[in-house]
Amino acid sequence: MIAVKLLFCLFFIYLAISITYLLVIALAGRFGKLPSYTFNAYKKKIAVIIPSYKEDAVIIDTALKASQHNYPKDRYTVLVVADKLQPETVMQLRQVPVQVLEADVNMKSRSVHAALHYLDENNFDIAVILDADNIMGDGCLEKINDAFMRGCEAVQCHRTAKNQQTAVALLDAISEEININLFRRGPVVMGISAAPVGSGMAFTFPLLKQIFSVEQILTNPGEDREIDMQLMKQGIFMHYIDDAYVYDEKVSNAGVFEKQRVRWLEAQLNHIKRFFDADMKNVPKTIVYYAKFFHNLLLPRLLLIMVLGLLFILLTVQWLFSFNMLMPAPAWWLQLIIMYAVVLILSVPARFYSVNTLKAVSQVPVLMISMMKALLKMKTGRKEFIHTPKTFKP
């Protein structure tokens, strides 16, 4: 029993540090101020790169909307990397005023690599990465341009949901906004580089080309986390533009959710290992380094909610049957649960406090089961990309 109590005590310390860290970040994100970006008279030349792996259902709509974006037509180019697209899809793409590069590379990072070597580096100042389902909101490229005119080298836009047609999609939309507050808005307010999210990102063209030429990213299905590592190695700060919206399709059912979480869990585990690789030994051990490392030690949100739920049940059983297993005292555990609830309340935008959200919560147990299945399906060293199909068109 002493050993069990000791383990609970150590677990409490881990949870206390994790939740306190998240609470500080959530407060900063909720109440802090970010720079504002707007119109700039000078227009940098922008390459919008859209890797598309088997996304026949949505890529035509995405390419068309990207080509119609409100930025001077002679100052930006859209390039779709057609990886495993059907011939008729490629034919339709060539009717849209975008460039098309056919590739057979089976991974997003390799598609971006191919695009960056296909485009003439001398013709572009900025490279933007979109997913095949992403739609840029009005003024997105204008705000990116302004940020780079002010000296930014890397920028993350505000990726947000374009669909909430099912309970699972609504919950995923809420999760995206929580991530924005905890891993992008909040850290930037505190002077910590934003975590790239994988799309809706912009970089100076030479920087992105250099990042997507390193071996670690070309064999990594979790390219967003490797981008984070490369920026940290070079001491480059990733800024965040809160009102530069990129609309992203959210998973609409538990099956796709499970596949996506397998990919994310594997990427998190591989990213933790990356901190101990030889090329990371000489990275300056700054507050950003330790914040990024600790960020990767955090339990995924759904797992943390499951753990706290089980702890609450155990606390209730202890109280009902008058026995004591947990250490420290129950009041401390309850305080952690309340603190994490505050983290979520601070991070969820007001528009999601609705009857629809209340109804959607009934699907949380289903997603918890999917998360457990995802844990069992994890593989270390996976080289292939786990595809999660997109179908929603507004």
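The values are calculated or read from the model by the stated rules, or taken from the named source; none is laboratory data. All of these numbers come straight from a predicted model, not from anything done at the bench. In this analysis, Cβ positions are derived from the backbone assuming ideal geometry, glycine residues included, and neighbour counts consider all displayed protein chains. Ligands, DNA and RNA are excluded from the accessible area calculation, which covers all protein heavy atoms including side chains. Shrake-Rupley method; radii C 1.70, N 1.55, O 1.52, S 1.80 Å.
Using a simple charge model, +1 on the beta-carbon of Lys and Arg, -1 on the beta-carbon of Asp and Glu, nothing else, what dipole does the chain show about its Cα centre, in debye to the nearest 20?
Charge dipole, the chain, about its Cα centre: 820 debye, nearest 20.
With a 1.4 Å probe and all protein chains left in place, how much accessible area per residue does the chain have, in Å²?
45 Å²
Can you list the residues, at least 5 places off or on another chain, whose amide H is less than 5 Å from the amide H of Lys162, using H built in the peptide plane?
Excluding prolines and chain starts, which carry no amide H, the hits are Asp248, Glu249, Lys250.
Give me the percent of accessible area attributable to carbon and sulfur for the chain, probe 1.4 angstrom.
63 percent
Over the Cα atoms of the chain, what Rg and Dmax result, in angstrom?
Expressed in Å, the Cα Rg and Dmax of the chain come to 21.7, 74.
Counting pairs of alpha carbon atoms under 8 Å apart in space and at least six apart in sequence, what relative contact order in percent does the chain give?
24 percent
For the stretch 310-361 and the stretch 228-248, what is the centre-to-centre distance using only Cα atoms, to the nearest Å?
Going from one Cα centre to the other spans 32 Å.
Each residue of the stretch 119-129 in turn: what ³J(HN,Hα) in whole Hz from Karplus with 6.51, -1.76, 1.60 and θ = phi - 60°, glycine and Pro shown as x?
After applying 6.51 cos²θ - 1.76 cosθ + 1.60, I find 6, 7, 4, 6, 9, 9, 9, 10, 10, 10, 10 Hz.
Can you tell which of Ala244, Gln230, Trp264 lies farthest toward the positive end of the dipole of the stretch 226-269, using +1 and -1 charges on the Cβ of basic and acidic side chains (Lys, Arg; Asp, Glu)?
So the residue we want is Trp264.
Output the relative contact order of the stretch 46-198, whole-number percent, from Cα pairs under 8 angstrom with separation of 6+ residues.
Rounded, it is 25 percent for the stretch 46-198.
Taking +1 at the Cβ of each Lys and Arg and -1 at the Cβ of each Asp and Glu, which of Ile59, Ile313, Ser109 sits farthest along the dipole of the chain towards its positive end, judged by Cα position relative to the Cα centre?
Going by the Cα projections, it comes out as Ile313.
Find, among the trypsin sites (Lys or Arg not before Pro) in the stretch 13-59, those assigned to loop by DSSP (not H, G, I, E, B) with at most 11 other beta-carbon atoms within 10 angstrom.
Lys33
Picking from Val366, Ala254, Asn282, whose Cα lies most toward the positive end of the charge dipole for the chain (charges on Cβ: Lys, Arg +1; Asp, Glu -1)?
Going by the Cα projections, it comes out as Val366.
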